[in-house]
Amino acid sequence: MDIAICDDCFNDIQRLEELILQHRKEQETICFTHFFRGEDLLACDHRFDIIFLDINMEGEIDGMETGQRIRDRKDNALLSFYTAYDYPASHIVKTRPFSYLMKNSSGEDLYASLEMILNEARRRSPVFITVSCDVGTFTLLPSDILYIAIYERGSAIYLSEKKAQELNKVKKIHGNRNKERFLASREKLEVYYELLKGRGFVFAKKSYIINTEHIIMRLKDTVVLSDQTELTVARSRKKQFDEEIMAYWGRTRGGM
């Protein structure tokens, strides 16, 4: 994860870095880049996952204008103000910050806010799943997957219509005319769940996880997916399943 901190106070930069590193997950790499003026940050063409901006800084432009210029160039980085001043919302709304951190907040408050920011950055970062089959190796995005189910000693990854068509074209080229909607994998279902659970994949039954992105209808005991597949939701999982899909839709679709 690449993080930029733009602040003219090195002590504040160090404190923020220390708090962020306390949230680092095992085997997660976090790279920091420091800027002491907004002009220096804007001159850098690197794309960061998160940008923390002080508002009152040395230089010709303040953090507010720096944030606005970042948005003007269509930079989609998670932007968070990190400042000692409590500015009115009307002053900062144009920069569309994800969060607003007060430097004089308690460590506990900062800690909670940073956890939210880092989790959102992880959710936005691309994840690729590599699956090998009889004709080669395929790389999938989460959006390519409808659901994943237990299959033999591993898993079956059921594909979106578009991805399944691509798969079958490749199979046809290699002389395999069997049309399939899934790829068989040796990985266990639990492995895929750990990789995808923060990206809208939810257990509907013990035997499969469903990609919330592809749910088009929630019925009493089932869900209908984008390819019209209808899957059952176990009675014991209904409450948690509904809470998780509503939370995901709230984050990504502005509520349902």
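The values are calculated or read from the model by the stated rules, or taken from the named source; none is laboratory data. Just so it is clear, the structure is predicted and the values come from calculations on it, not from any experiment. All Cβ positions, glycine included, derive from the backbone under ideal geometry; neighbour counts span all protein chains shown.
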Considering only residues that are touching a Cys at 6+ places or on another chain (Cβ under 9 Å) and either among the small types (Gly, Ala, Ser) or not assigned by TED's automatic domain parsing to the domain that holds MET116 (or both), which ones fall in segment 4-54? ALA4, GLY38
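For ALA234, indicate whether it is surrounded by fewer than 19 Cβ atoms within 10 Å (Cβ to Cβ), in contact (Cβ under 8 Å) with a residue 24 or more places away in the chain and more than 18 Å from the chain's Cα centre (by Cα). Give the steps one after another, and end with the answer.
On the way: surrounded by fewer than 19 Cβ atoms within 10 Å (Cβ to Cβ): yes; in contact (Cβ under 8 Å) with a residue 24 or more places away in the chain: yes; more than 18 Å from the chain's Cα centre (by Cα): yes.
Taking the combined requirement at face value, the residue satisfies it.
Per-residue answers, yes or no, for (1) at pLDDT 80 or above; (2) touching a strand residue (DSSP E or B) at 6+ places or on another chain (Cβ under 9 Å):
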{"site": "GLU60", "(1), (2)": "yes, no"}
{"site": "ILE70", "(1), (2)": "yes, yes"}
{"site": "LEU78", "(1), (2)": "yes, yes"}
{"site": "TYR100", "(1), (2)": "yes, yes"}
{"site": "SER125", "(1), (2)": "no, no"}
{"site": "THR130", "(1), (2)": "yes, yes"}
{"site": "CYS133", "(1), (2)": "no, yes"}
Filter result for the condition that a residue is surrounded by fewer than 18 Cβ atoms within 10 Å (Cβ to Cβ) and within 20 Å of ALA121 (Cβ to Cβ), over GLU58, GLU108, GLU65, GLU18: GLU18
Of the residues in segment 120-142, those that are within 25 Å of LEU78 (Cα to Cα) and surrounded by fewer than 14 Cβ atoms within 10 Å (Cβ to Cβ) come to ARG124, SER125, PRO126, VAL127, PHE128, LEU141
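Let's see how each residue does on (1) in contact with a Ser or Thr (Cβ under 9 Å, 6 or more places away or on another chain); (2) modelled with pLDDT of 95 or more; (3) in a loop (DSSP other than H, G, I, E, B):
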residue	(1), (2), (3)
GLN165	no, no, no
ASN178	no, no, yes
ALA204	yes, yes, no
MET217	no, no, no
GLY255	no, no, yes
Among the residues of segment 188-200, is any surrounded by 13 or more Cβ atoms within 10 Å (Cβ to Cβ) and in a strand (DSSP E or B)? no
Of the residues that make up segment 135-148, is at least one of a type in the set (Ser, Thr, Tyr) and modelled with pLDDT of 95 or more? yes
